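Engineer: The structure that follows is given in the form of C-alpha cells.
No value in this document is a laboratory result; all are computed from the given coordinates. Everything numeric here is computed off the predicted structure, so don't read it as measured data. Every residue, glycine among them, receives a Cβ derived from its backbone with ideal geometry; neighbour counts consider all protein chains shown.
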Amino acid sequence: MRSSHSESRREGLRDDSDKLPVELAEALVVARDRLPPLGRRVLFFNTTGSTNDVALAMASRVDADGAFVIAEEQTAGRGRYGRTWFSPPGSGLYVSVVLRPSTARRDPQRATGLVTLAAGLALAEAIEAATGLRADIKWPNDLLVGRRKLAGILAEAAGAEMNVILGYGINVRSSVYPPEIGDRATSLETELGRPIDRATLCAETLAAISERYRDLLAGRFDAILDGWRGRASSSRGARVRWMTPSGSASGVTAGIDDRGALLAQVGDRVETIVGGEVTWL
C-alpha cells in the first residue's frame, strides 16, 4: 500500500501524513457506509515510529475522535509490556484509532473496560469476512491460529477524558516476523497459501471495529461478550499461570465475567484475573 509521497518521520501532532494509497482509498469508499461513527479522519504514513504514538499525540483534539492512523511501516511498533511488534513495510497491517468509550450511553466504565475484547472480536470477524480464515481469540488481546500468534492488540489510556488509543497489528505475510519466532507466529498468507489484498482487509477491519464500537456506545455488552466467548476456545479448560501479590498462582480457565475479566478455577474456588501477564501452559 505504498503512496507516492515521501516517507514521514517527524514526531509531534502528526498532521504531516502521506497521501492515502489509491487501493486503500478505493477500499474505504466501498466500506464508507459501515465506518461511522469512526473514520471521520484517516491518516496514512509510509513510515512512522508507532501508530499508537501518533494517535496519542492527537487524542486531546476535538477532531481526533474516531480518527484512524495507518502505517505501511513502523520503526518502533510495540505490544504489551513494551515488547517489540515487528512492522516491516508491505508485510502487515498497523493501525490505531482514537476512541472515547466514556461517551457510552450506559455504564461508560464498563464500556471502557471492554474495549480490548470488543476489538479482538471485531478483528476475528473482519479476518474471517475478508479471507475465510477463522482465528481464535486468546484473552485478553491476541488472535491465534493453532498456538501461533496472528495478530495483537494494544489499548492505552489517553488523557483525563478517558480516551483510549486502540492499536492493532495483523501479520499478513511471513516476512512480518523474524525467522527465530516462526514457531510462535504465523501470517494470513502462511495459513492460506495465497496472497491477501491488504487494502480490502484493512477496510474490513476498520468497518468491524466501528460496528463493535457502536455496540459499546449503545451498551450492547452482551453481544460483545457472547461473540467473544464463541471465538475464544482457550477461555475454558486451559491451564494458566499468573502472578498475585503473594506470588505465582495457577489454575484452569473457567470463562470470563460480564466485565471481561478472566476466570480461573483454583481448587474449589474461582479466581478473577483482571490484568497482568498470564502464561498459558
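Engineer: Grab the Cα-Cα distance for T244 and D107, subtract it from 0.36 nm times how many residues apart they are, and report the gain in nm with one decimal. Walk me through the numbers before you get to the answer.
Structural biologist: Numbers: separation 137, 0.36 × 137 = 49.32 nm, distance 2.81 nm.
Residue separation times 0.36 nm, minus the Cα-Cα distance, leaves 46.5 nm.
Engineer: Let me ask something else. Apply the a/c threshold of 1.5 to the C-alpha gyration tensor of the stretch 235-280 and tell me whether it is rounded, prolate or oblate. Mind dumping the intermediate values first?
Structural biologist: Working: a/c = 1.44, a/b = 1.20, b/c = 1.20.
Rounded is the answer for the stretch 235-280, as its axis ratio a/c remains below 1.5.
Engineer: At 0.36 nm per residue, minus the direct Cα-Cα distance, what do T279 and I181 gain on full extension? Give it in nm, one decimal, please.
Structural biologist: Numbers: separation 98, 0.36 × 98 = 35.28 nm, distance 1.72 nm.
Computed gain between T279 and I181 is 33.6 nm.
Engineer: Placing unit charges on C-beta atoms (Lys and Arg positive, Asp and Glu negative, everything else neutral), compute the dipole magnitude of the chain about its Cα centre in debye, rounded to 20. Let's see the in-between values first.
Structural biologist: Numbers: 36 positive and 35 negative charges, 85 e Å.
Around 400 debye, computed over the chain.
Engineer: Okay, moving on. Using the reciprocal of the averaged 1/r over all distinct C-alpha pairs, how large is the Kirkwood radius of the chain in Å?
Structural biologist: The answer is 19.1 Å.
Engineer: Residues of the stretch 230-261 with amide nitrogen under 12 Å from the 7 Å Cα-to-Cβ point of R147?
Structural biologist: Flagged as within label range: 239.
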